[in-house]
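The values are calculated or read from the model by the stated rules, or taken from the named source; none is laboratory data. Everything numeric in this text was worked out from a predicted model, so none of it was measured. Heads up, the Cβs are rebuilt from the backbone with ideal geometry, glycines too, and the neighbour counts pull from every protein chain shown.
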Amino acid sequence: MIASAVRCAIAEFGGSIGAVFIDYLQQIPLESGGNMAHEVGKITRQIRAIAKDHKIPVFLGCQINRGNQNSAEKRPNRHLLRNSGEIFEVCDQLIMLYRDAVYTKDSSDRTIELIVEKNRLYGKLGTATMLCDLSTSRFLNLAR
């Protein structure tokens with residue numbers, strides 16, 4: 001399903017596209033009523049093959065478990081990914097987003113943290129704090 005959509009987009013845009021964005025992995029229909037973690041793993045491997053075959057980055061959004069909602073530390077980590085075993089194994093980079101303003105209800109806080117949990121491409125892990133323009137979904141350099 002995703003592979004055919006990518007092929008159609010490539011054909012429509014003259015033989016190439018710059019990237020693929022998939023929002024919410026857990027909403028992709030499963031092929032069987034079996035093990036959700038196994039099915040998610042199968043989908044993530046298919047998505048990785050699409051990226052490799054077409055030499056394009058694929059950005060995949062997915063939900064985390066809501067277990068951190070009740071803890072003092074709200075920042076996400078890889079252990080909170082739903083059905084995360086295969087997702088973490090397959091991905092080249094895992095970058096999680098965190099906005100403190102969601103929990104403090106401070107509408108003037110425009111910062112966002114990009115938490116790099118896995119980085120097979122460049123190796124560096126850590127957190128980058130940036131400004132977030134929610135009206136355009138852009139990340140901007142944080143003025144020092």
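Observations
- Against the conditions (1) surrounded by 12 or more Cβ atoms within 10 Å (Cβ to Cβ); (2) touching a strand residue (DSSP E or B) at 6+ places or on another chain (Cβ under 8 Å), ALA19 satisfies every one except (1).
- Filter result for the condition that a residue is more than 24 Å from THR129 (Cα to Cα) and charged (D, E, K, R), over GLU73, GLU89: GLU89
- Scoring PHE139 on the criteria (1) closer than 18 Å to ARG78 by Cα; (2) touching a Cys at 6+ places or on another chain (Cβ under 9 Å) leaves a single failure, condition (1).
- Considering only residues in the range 135-144 that are modelled with pLDDT under 90 and of a type in the set (A, V, I, L, M), the one that is surrounded by the fewest Cβ atoms within 10 Å (Cβ to Cβ) turns out to be ALA143.
- Subset tally (residues that are within 20 Å of PHE88 (Cβ to Cβ) and assigned to a helix (DSSP H, G or I)) for the range 1-60: 21
- When residues of the range 40-67 are limited to those that are surrounded by 12 or more Cβ atoms within 10 Å (Cβ to Cβ) and among the charged types (D, E, K, R), the one modelled with the lowest pLDDT: LYS42
- Test: VAL58 is of a type in the set (A, V, I, L, M, F, W, C), assigned by TED's automatic domain parsing to the domain that holds LEU121 and under 30 Å from GLY126 (Cβ atoms): no
Here is a yes/no grid of residues against (1) surrounded by fewer than 15 Cβ atoms within 10 Å (Cβ to Cβ); (2) of a type outside the set (D, E, K, R); (3) outside the structural domain of GLY61 (by TED's automatic domain parsing):
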position: ARG99; (1), (2), (3): no, no, yes
position: TYR103; (1), (2), (3): yes, yes, yes
position: ASP106; (1), (2), (3): yes, no, yes
position: ILE112; (1), (2), (3): no, yes, yes
position: GLY123; (1), (2), (3): yes, yes, yes
position: THR127; (1), (2), (3): yes, yes, yes
position: ASP133; (1), (2), (3): yes, no, yes
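- Count of residues meeting criterion [under 22 Å from ASN119 (Cα atoms) and small (Gly, Ala, Ser)] in the range 27-67: 4
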